[in-house]
1. Does anything in segment B:109-146 have its amide N under 20 Å from the 7 Å Cα→Cβ label point of residue B:20, and if so which residues?
2. Between copies, how far does the label point of residue A:95 sit from its twins, in nm, shortest first, when each point is 7 Å from Cα along Cα→Cβ?
3. On the Cα set of chain A, report Rg and Dmax in Å, please.
4. Using 10 Å bins from zero, what percent of all Cα-Cα pairs in segment B:126-223 falls into each bin?
5. Where Rh is the Kirkwood radius over the Cα pairs of segment A:5-51, the temperature 25 °C and the viscosity 0.890 mPa s, what D in µm²/s does Stokes-Einstein return?
6. Give me the percent relative contact order of segment B:2-241, please, defined on Cα pairs under 8 angstrom at least 6 residues apart.
7. Which distances, shortest first and in nm, link residue B:18 to the matching position in the other copies, using label points set 7 Å out along Cα to C-beta?
8. Have a look at the DSSP beta bridges in segment A:2-241 and tell me what percent are antiparallel, nearest 5.
């Protein structure tokens, strides 16, 4: 794990790093030392580890005492794009332009990325927990849309993750992994989402095997999650990871 | 307004009172003085102002600094039962025993009680806000099931109510009043509710005209709302009334 830069502002320290080929960012409370709960933050499709929504969530969590890590997903942000990814992305755009239902198209894209994404996250989790200011405390995962699509196979495979905030995605391709998830989940739905069908979204919520799972639905389109949900997520992770 | 008893425990003072024919309870932080936000708490059908769930909510809100008031609904608790109410209640029980859909039956009962309930609440709100330890601060309403069915006409009629936690009820008989509600609402749904159909529940959420409204759905039957929703409600009212 190689650290590239370190800056602090508003009580939060932000460190850019790479682990092998994976570029990431670690946020901690300024002057943090000792073990603390860690949140893995997955960004949306076509976005990157420093997308505004990701950074806002990260700083909000870090201000509440958590360590937070985000990485660029395969073929996203500062990572090289493969020819095959380019072909799948072009098919997705063409399919959507032709009016095909996005559910299956998006699931195909996530399925292509998931194997690498899960391996990346597991390696980053191990490396980050070796740092003094993180340590091996409880771990949560937070990701919407593609962050949910790559998060569900990760959580299904990774017993270190103990709670998750997910959402903005339908059930396509995820039912089996969702049925292996038993940790507490908060699941966000945008009630007027033009990218994700409501019934497919509710079906993904239904597929989760967690005894404690809460659906939070708010009016508005895919990108309109109200900011108070980030505060609610702090409360959720505090309850389950502290 | 006549106070009957006053006891304090765990930092919360509980006062029983009557206002004309309406028996009620007021909870405040112990030694409270000065204006504070007030929460009106509506109990469920067949229950009373001192139902365990109502008292638990009230003490949780009062511990967070709110004044809280609950009253017996018409024909409930310590209030006399009319012959007409007895007839409607018997019809409701017989209809449900005969397998009729509860939605319309329950709506008929709530419709019978709503006019009196709204008048009771408005008088109690005025009287309680004249007390030193309450004052004319912002007001919220919290009620599930029948507490929602009587709360929706109240909130539609009462501009002093600025935020509400509602739920566990379907749209029957309530669409018009719901469409007049514009304050922020949190709406609770039990995902496996055997008394309230899921689609009727979602239709009541949809009918609310509020720009800010969030649906919280949890697994389980009508009575299985998880206790963390009470903590979340404290956060919601703090955000909107403080």
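1. Zone members listed by number: B:111-131.
2. In nanometres, ordered from closest: 4.8.
3. Here Rg and the maximum Cα pair distance are 16.9, 53 Å.
4. 17, 49, 24, 10, 1
5. On the way: Rh = 12.1 Å.
The diffusion coefficient I find is 202 µm²/s.
6. Numbers: 478 pairs, mean separation 40.7, N = 240.
17 percent.
7. The projected label point of residue B:18 is separated from its counterparts by 8.0 nm.
8. Working: 19 of 42 bridges.
Rounded to the nearest five, the antiparallel share is 45 percent.
Rule-based calculations on the coordinates, nothing more; no lab input. The model shown is predicted, which means the values in this text are computed figures rather than measured ones. Reconstructed Cβ throughout: ideal geometry from the backbone, glycine too, with neighbour counts over all protein chains shown.
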